[in-house]
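Student: Structure below; questions to follow.
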Amino acid sequence: MSMAVAGMIAGMALGFAGYFGGFGAFLLVAALGAVGFVAGRLTEGDLELGDFFRGRGHNDERRR
């Protein structure tokens with residue numbers, strides 16, 4: 001599935017949640033979508049869990 005189709009499906013899901021469930025449902029669907037995106041990136045190997053917990057200058061040799 002291309003990123004354009006995935007983005008369209010996500011946009012439609014957010015639109016339906018906002019229309020039928022109100023703003024709270026919109027936020028819930030957006031938050032769960034973000035969690036699902038991160039989980040998908042973790043399972044594909046594009047992202048590592050340690051990336052969230054390391055500081056920005058972790059590999060920066062100039063800080064010594």
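The values are calculated or read from the model by the stated rules, or taken from the named source; none is laboratory data. All figures in this text were calculated on a predicted structure; none of them were measured in a lab. These accessible areas exclude ligands, DNA and RNA; they are computed on the full protein's heavy atoms, side chains included. Shrake-Rupley method; radii C 1.70, N 1.55, O 1.52, S 1.80 Å.
Student: Given a 1.4 angstrom probe, what's the average accessible area per residue across region 1-59, in square angstrom? Can you show the working numbers first?
Tutor: Values: 4760 Å² over 59 residues.
Accessible area per residue, region 1-59: 81 Å².
Student: If the chain between residue 52 and residue 2 were fully stretched, how many nm would it gain, using 0.36 nm times the residue separation less the Cα-Cα distance?
Tutor: On the way: separation 50, 0.36 × 50 = 18.00 nm, distance 2.62 nm.
Length gained, residue 52 through residue 2: 15.4 nm.
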